[in-house]
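A short worksheet on the structure shown next.
The values are calculated or read from the model by the stated rules, or taken from the named source; none is laboratory data. None of the values given here were measured: they were computed from a predicted structure. All Cβ positions, glycine included, derive from the backbone under ideal geometry; neighbour counts span all protein chains shown.
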Amino acid sequence: MPRRIHHPRRGSMAYSPRVKARSEVTHIKSWPDDGEKVKIQGFAGYKAGMTHGLVVDYRPTSTTSGQEVMIPITVVETPPMEVAAVRYYASTVYGLKTINEVWKNSKEVNNDDISDVRILVYAQPALVTSVPKKKKELMEIRVGGGEIEERRDYAESLIGKEITINDFAKDGQMIDVIGVTKGKGFQGHVKRWGVKLLSHKNSKHRRMIGTAGPTYPSFIRPTVPQAGQMGYHQRTEYNKRILKVGDSAEEINPMGGFVNYGLIKNSYVLLHGSVPGPAKRLIRFRDSVRYVAGVAIEKPNIVYVSLASKQGVGR
């Protein structure tokens with residue numbers, strides 16, 4: 001019998017279309033709806049860089065479970081955030097609709113149609129010496145857990161006050177990380193989509209697609225890989241484990257500071273693995289929406305975190 005012809009598709013269709021993010025302050029469309037205790041379900045910080053460390057493997061199905069393993073660690077500086085207002089939503093046939101807002105100097109408004117409560121908060125880049133920003137990023141964070149009246153009272157009690165990373169997360173918790181990736185500008189077919197190079201016998205070009213599609217239909221389909229914007233996309237990393245929430249910057253600052261960032265001066269979060277974006281990029285956190293309980297939420301056993309210089313600075 002003739003050999004079976006196997007020709008897989010060239011080029012990844014993941015995250016298509018690939019367009020620039022609307023804003024560096026990411027937009028969160030969905031939030032988890034669980035929990036008995038009233039709490040804020042998100043926070044934000046600035047990516048400082050990466051390091052590595054020895055951690056006792058907490059994954060029960062891993063081949064190295066219970067053993068010390070070397071893992072990559074992302075460090076995010078999390079200065080306190082200020083609560084500016086509370087926003088109320090009502091459920092309609094078209095989704096959630098804003099029905100009211102309560103700001104610092106405004107009067108409380110009674111409304112029985114409230115189905116969701118969220119707070120408007122803004123980051124404080126002035127507290128981060130490594131981030132050359134003056135404008136405060138305004139964002140929305142959901143208040144979840146408990147009854148709607150409890151969430152409303154809790155949210156209104158936060159107006160004009162500061163919230164910290166400890167109000168949102170604890171060691172060992174699973175979260176989602178949302179950020180805007182590093183921008184790479186206009187790139188060609190091969191780098192943008194990973195398509196195969198044409199034959200070296202091709203008379204004109206190698207780094208281009210072989211065909212833009214059939215004659216009919218007489219338009220180029222969106223599945224055809226073409227050159228265009230690459231990077232600066234909003235991306236969500238699901239199920240990232242918090243290794244540690246710390247307040248003492250001396251525990252994590254490497255010699256000479258982080259590359260392209262410097263020294264951390266505020267509280268920080270250690271995350272297992274990598275997160276989107278370059279140094280100094282605003283990173284948002286959210287309670288995990290896809291996590292299926294399988295690993296107990298307990299404080300990870302961190303044996304060692306590297307404080308060695310990331311840029312060749314000696315002791």
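From the list VAL83, VAL102, VAL121, VAL76, exactly one residue is touching a strand residue (DSSP E or B) at 6+ places or on another chain (Cβ under 6 Å) and closer than 21 Å to ALA48 by Cα. Which is it? Quick ask: steps written out before the conclusion?
Values: VAL83 fails: closer than 21 Å to ALA48 by Cα; VAL102 fails: closer than 21 Å to ALA48 by Cα; VAL121 fails: closer than 21 Å to ALA48 by Cα.
Matching residue, one of VAL83, VAL102, VAL121, VAL76: VAL76.
Just to verify a result, which residue in the range 104-131, among those that are more than 20 Å from the chain's Cα centre (by Cα) and either of a type in the set (Val, Ile, Thr) or at pLDDT 90 or above (or both), is farthest from ALA279 (Cα to Cα)? Within the range 104-131, the match that is farthest from ALA279 (Cα to Cα) is VAL109. In the range 100-111 there is at least one residue matching the filter, namely being of a type in the set (Ser, Thr, Tyr), farther than 23 Å from ILE242 by Cβ and surrounded by fewer than 19 Cβ atoms within 10 Å (Cβ to Cβ).
From ALA293, ALA279, ALA308, grab the single residue that is in a loop (DSSP other than H, G, I, E, B) and closer than 15 Å to ILE175 by Cβ. Outline the logic, then answer.
Values: ALA279 fails: closer than 15 Å to ILE175 by Cβ; ALA308 fails: closer than 15 Å to ILE175 by Cβ.
Of the residues listed, the single one that is in a loop (DSSP other than H, G, I, E, B) and closer than 15 Å to ILE175 by Cβ is ALA293.
Any residue at all in the range 210-223 that is surrounded by 12 or more Cβ atoms within 10 Å (Cβ to Cβ), assigned to a helix (DSSP H, G or I), of a type outside the set (Ser, Thr, Tyr) and out of contact with any strand residue (DSSP E or B) (no Cβ under 6 Å at 6 or more places or on another chain)? No: the range 210-223 contains no residue that is surrounded by 12 or more Cβ atoms within 10 Å (Cβ to Cβ), assigned to a helix (DSSP H, G or I), of a type outside the set (Ser, Thr, Tyr) and out of contact with any strand residue (DSSP E or B) (no Cβ under 6 Å at 6 or more places or on another chain). Residue count for the range 56-89 satisfying the condition of being buried (at least 21 other Cβ atoms within 10 Å of the Cβ), in contact with a Leu (Cβ under 7 Å, 6 or more places away or on another chain) and closer than 21 Å to LYS310 by Cα: 4. Within this structure, ILE40 passes the test of being in contact with an Asp or Glu (Cβ under 9 Å, 6 or more places away or on another chain), modelled with pLDDT of 95 or more and among the aliphatic types (A, V, I, L, M).
Can you tell me which of LYS244, LYS265 is over 23 Å from TYR122 (Cβ atoms) and either touching a residue at least 12 places away in the same chain (Cβ under 8 Å) or among the hydroxyl-bearing types (Ser, Thr, Tyr) (or both)? So that I can check it myself, show each step before the final result.
On the way: LYS265 fails: over 23 Å from TYR122 (Cβ atoms).
After applying the criteria, what remains is LYS244.
Within the range 148-169, being part of a helix (DSSP H, G or I), polar (S, T, N, Q) and either surrounded by 17 or more Cβ atoms within 10 Å (Cβ to Cβ) or touching a residue at least 12 places away in the same chain (Cβ under 8 Å) (or both) holds for one residue alone: ASN166. Condition (residue is modelled with pLDDT of 85 or more, under 22 Å from ARG281 (Cβ atoms) and not in a loop (DSSP other than H, G, I, E, B)) applied to the range 191-198: is it met by at least one residue? Scanning the range 191-198, I find at least one residue that is modelled with pLDDT of 85 or more, under 22 Å from ARG281 (Cβ atoms) and not in a loop (DSSP other than H, G, I, E, B), so the answer is yes.
No other residue among PHE285, PHE186 is under 30 Å from VAL38 (Cβ atoms) and in contact with a Gly (Cβ under 7 Å, 6 or more places away or on another chain) apart from PHE285. Taken together, MET174, MET139 contain a single residue that is modelled with pLDDT of 95 or more and of a type in the set (A, V, I, L, M), which is MET139. I want to confirm something. Restricting to the range 1-44 and keeping residues that are over 23 Å from LYS280 (Cβ atoms) and of a type in the set (Phe, Trp, Tyr), which single residue is surrounded by the most Cβ atoms within 10 Å (Cβ to Cβ)? Ranking the candidates gives TRP31 first. Taken over the range 133-175, the residue count meeting the criterion of being within 22 Å of LEU96 (Cα to Cα) and of a type outside the set (A, V, I, L, M, F, W, C) is 13.
With respect to the stated conditions, ARG10 fails to be at pLDDT below 90, charged (D, E, K, R) and touching a His at 6+ places or on another chain (Cβ under 8 Å). When only residues in the range 13-37 that are of a type in the set (Asp, Glu) and in contact with a strand residue (DSSP E or B) (Cβ under 9 Å, 6 or more places away or on another chain) count, which is modelled with the lowest pLDDT? Among them, the one singled out is ASP34. Taking first residues from the range 291-311 that are under 22 Å from TYR261 (Cβ atoms) and partners that are among the aromatic types (Phe, Trp, Tyr) and at pLDDT 90 or above, the Cβ contacts under 8 Å between residues at least 6 apart in sequence or on separate chains come to LYS310/PHE258.
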